[in-house]
Amino acid sequence: MTAIALRTSNSARPVLDLLLPAFEKESGHQVELILDTAKNSLARIEAGERGDAAVLLGTSIDKLAARGILTAASAQPFSRSIIGIAVLKGAPRPDISTVDAFKRTLLNAQSIAHTVHGPSGAYFPGLMQRLGIAEQIKPKEVTRPGGYIGVVVAAGEAQMAFQQIVELMAVPGLDVIGPIPPELQFNFDSKAALFADTKNPAAARAMLAFFARPENASTFREAGLEQLPL
């Protein structure tokens with residue numbers, strides 16, 4: 001039995017929580033998840049922390065591979081995540097079906113929660129500028145550094161949450177209204193790769209091969225993600 005250290009961000013955790021038990025049962029290996037926000041995960045690796053494999057935003061994987069920290073030849077597509085809106089379960093469902101409806105919903109909201117360091121949270125300020133409502137929205141914002149921002153809505157501390165759908169779905173007690181309009185959407189594509197100095201290359205390669213199996217596409221969908229093919 002081999003212990004595999006897998007570094008990843010919070011947005012990948014829901015699908016990994018579904019995939020890893022099956023991989024561990026089939027392979028006999030164990031996987032240790034090392035979790036943080038996307039920004040902090042990259043920073044910790046750049047500061048010298050290591051593991052056997054990483055699942056991160058594709059841009060982060062490419063950056064680390066260019067520096068030789070990850071093995072470029074091992075990099076493979078993992079998933080696509082999109083942004084959505086969630087409210088407390090049973091609350092009125094706002095209209096976000098069009099750009100104008102989405103804009104009205106934000107302007108009418110009492111409060112909107114988003115992260116600061118997560119990819120979707122970093123996208124939020126620029127999107128508000130693009131919509132021309134940044135000044136009106138700023139006083140409504142409820143922020144946290146990272147993690148599942150939906151917990152703020154579940155606790156009654158904000159009316160709605162703006163985050164990747166996979167992360168909103170991971171919080172009990174929420175209704176995910178759906179994705180934001182396509183014209184405003186941002187695709188977060190992630191990749192998986194091996195660390196150049198992994199001590200368990202065979203086991204880590206087997207794990208990445210397991211992730212890429214086409215029959216796992218339904219598991220990705222269950223977690224709110226799209227599996228990206230090799």
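The values are calculated or read from the model by the stated rules, or taken from the named source; none is laboratory data. Source: prediction; values computed, not measured. Here the Cβ is made from the backbone with ideal geometry for all residues, glycine too, and neighbour counts use every protein chain on show.
Key figures
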| quantity | calculated |
| --- | --- |
| Residues (assigned to a helix (DSSP H, G or I), touching a residue at least 12 places away in the same chain (Cβ under 8 Å) and either surrounded by fewer than 20 Cβ atoms within 10 Å (Cβ to Cβ) or acidic (Asp, Glu) (or both)) located in region 219-230 | THR219, GLU222 |
| Hits in region 162-190 (condition: of a type in the set (S, T, N, Q) and closer than 11 Å to ILE83 by Cα) | GLN163, GLN164, GLN185, ASN187 |
| Cross-chain or 6+ apart pairs with Cβ under 7 Å, region 202-218 first and in the same structural domain as VAL31 (by TED's automatic domain parsing), then among the β-branched types (Val, Ile, Thr) | ALA203/THR2; ALA203/ILE4; ALA204/ILE4; ALA204/THR198; MET207/ILE4; MET207/VAL31 |
| Residues within region 87-116 that are within 23 Å of ALA38 (Cβ to Cβ) and either assigned by TED's automatic domain parsing to the domain that holds SER9 or among the charged types (D, E, K, R) (or both), tallied | 0 |
| Elements of type helices (runs of 4 or more DSSP H) in region 102-215, at least 1 residues being of a type in the set (Asp, Glu) and over 28 Å from GLY90 (Cβ atoms) | 134-137 |
| Test result for LYS138, in contact with a Gly (Cβ under 9 Å, 6 or more places away or on another chain) and outside the structural domain of LEU35 (by TED's automatic domain parsing) | no |
| Any hit, region 221-228, residues being touching a strand residue (DSSP E or B) at 6+ places or on another chain (Cβ under 9 Å), more than 26 Å from GLN30 (Cβ to Cβ) and at pLDDT below 95 | no |
| Among residues of region 1-44, those that are closer than 26 Å to VAL151 by Cβ and in a helix (DSSP H, G or I), counted | 19 |
| Residue selected from region 106-123 under the condition under 18 Å from VAL151 (Cα atoms) and free of Cβ contacts under 8 Å to residues at least 60 places away in the same chain, by the criterion surrounded by the fewest Cβ atoms within 10 Å (Cβ to Cβ) | GLN110 |
